[in-house]
Amino acid sequence: MNVRAVLFDFDMTLIDTSGALLANVNKIADHFGRPRCTRERLLEVIGYNSRDFWRALLGDERPEYGEYYVKECAPYEAAMMTPAAGAVECVAELRALGVKVGCASNRIAPLRVIRVKHLERLMDCVVGADAVARPKPAPDVLLKGAELLGCAPEDALYVGDTPIDVEAARRAGMRSVAVLASNAAETLERAGAWRIVETLREFVPLLKREGLL
């Protein structure tokens, strides 16, 4: 049976946000006198929801972090972000094959960056954590995406890069494909990823081999 829809995570799956996030986290850390962060530590928590993300990297959670981010970081971060390897080509090919495509992310308002990067035309839906009651690993954002795409969860795939993504897909009743962008293959295998790809350049060929396209 062909897959009807594919939902993608945002950070490190559709968009390489590591450089922007690291710059922003360290800008906030410097401003509030918190320890600076390494890229390796950032990648360990890049899929976390906003509250847990700040707590993990800055040691605590303060409303001031989010307020400073919105004012001093968010307006400039898109310029430091780039589409992940093969992402644009992958999404365009899926759409050409008649597969609906969307983004389902723990990021607040991911559409803002997607618009700046001129990717909105390739998305049939974009859902952020601000649109649902619970962030991943709860399945809410994935189920909302499937609903907007008019697709039953079992007829969709979810593509992400973290164990949180894999867990959210399992709870949503979707198979997950993990990209090796922030976690080791062994970590993603232990989490239960259905398949693993090096980059999104391998995704459509994988679906064809599996008889899903």
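The values are calculated or read from the model by the stated rules, or taken from the named source; none is laboratory data. Worth saying up front: this structure is predicted, and the values here are computed from it rather than measured. Cβ: placed from backbone, ideal geometry, glycine included. Neighbour counts: every protein chain shown. Heads up: the accessible areas ignore ligands, DNA and RNA and are worked out on the full protein's heavy atoms, side chains in. Shrake-Rupley method; radii C 1.70, N 1.55, O 1.52, S 1.80 Å.
Remarks
- Placing +1 on the Cβ of every Lys and Arg and -1 on the Cβ of every Asp and Glu, with nothing else charged, gives segment 108-213 a dipole about its Cα centre of roughly 180 debye.
- Computed over segment 1-94, the quotient of the alpha carbon radius of gyration and 2.2 N^0.38 Å is 1.24.
- Sequentially through segment 104-110, phi angles give Karplus couplings (6.51, -1.76, 1.60; θ = phi - 60°) of 10, 9, 7, 6, 6, 6, x Hz, Gly and Pro residues having no value and appearing as x.
- Rounded is the label for segment 92-212, because the ratio a/c of its alpha-carbon gyration tensor axes (a ≥ b ≥ c) stays below 1.5.
- The chain, relative contact order in percent, only Cα pairs under 8 angstrom and at least six apart counted: 26 percent
- Compactness of the chain as Cα Rg over 2.2 N^0.38 Å, two decimals: 0.98
- Links that overshoot a 26 Å alpha carbon limit, given the list K71/K117; K71/K144; K100/K144; K117/K144; K27/K117: K71/K144
- Computed from the Cβ-Cβ distance with R0 of 25 Å, the FRET efficiency linking A56 to A23 stands at 0.90.
- Those trypsin sites (Lys or Arg not before Pro) in segment 1-73 that DSSP places in a loop and that have at most 16 other beta carbons within 10 Å: R36
- In the full protein context, the chain carries 45 Å² of accessible surface per residue, based on a 1.4 Å probe and ignoring ligands, DNA and RNA.
- Peptide ranges 73-84, 57-68 listed from the most packed, as the mean C-beta count within 10 angstrom indicates: 73-84, 57-68
- Basic side chains Lys and Arg get +1 at the Cβ, acidic Asp and Glu get -1 at the Cβ, and with that the dipole of segment 1-80 about its Cα centre reaches some 40 debye.
- R0 of 41 Å, Cβ-Cβ distance E147-E44: FRET efficiency to nearest 0.05: 0.85
- Here the chain carries DSSP beta bridges of which approximately 10% are antiparallel, counting only pairs with both residues inside.
- Sorting the segments 16-23, 175-182, 95-102 by their mean number of nearby beta carbons within 10 angstrom, highest to lowest, gives 175-182, 16-23, 95-102.
- Each peptide in 123-132, 190-199, 151-160 receives the mean, over its residues, of other Cβ atoms within 10 Å, and ordering these scores from highest gives 151-160, 123-132, 190-199.
- Nearest-0.05 FRET efficiency for E72 and R171, computed from C-beta distance (R0 35 Å): 0.50
- Tensor-based shape of segment 164-213 (alpha-carbon gyration tensor, a/c under 1.5 rounded, otherwise prolate or oblate): oblate
- Two-decimal Rg to Rh for segment 28-139 - Kirkwood Rh, Cα set: 1.00
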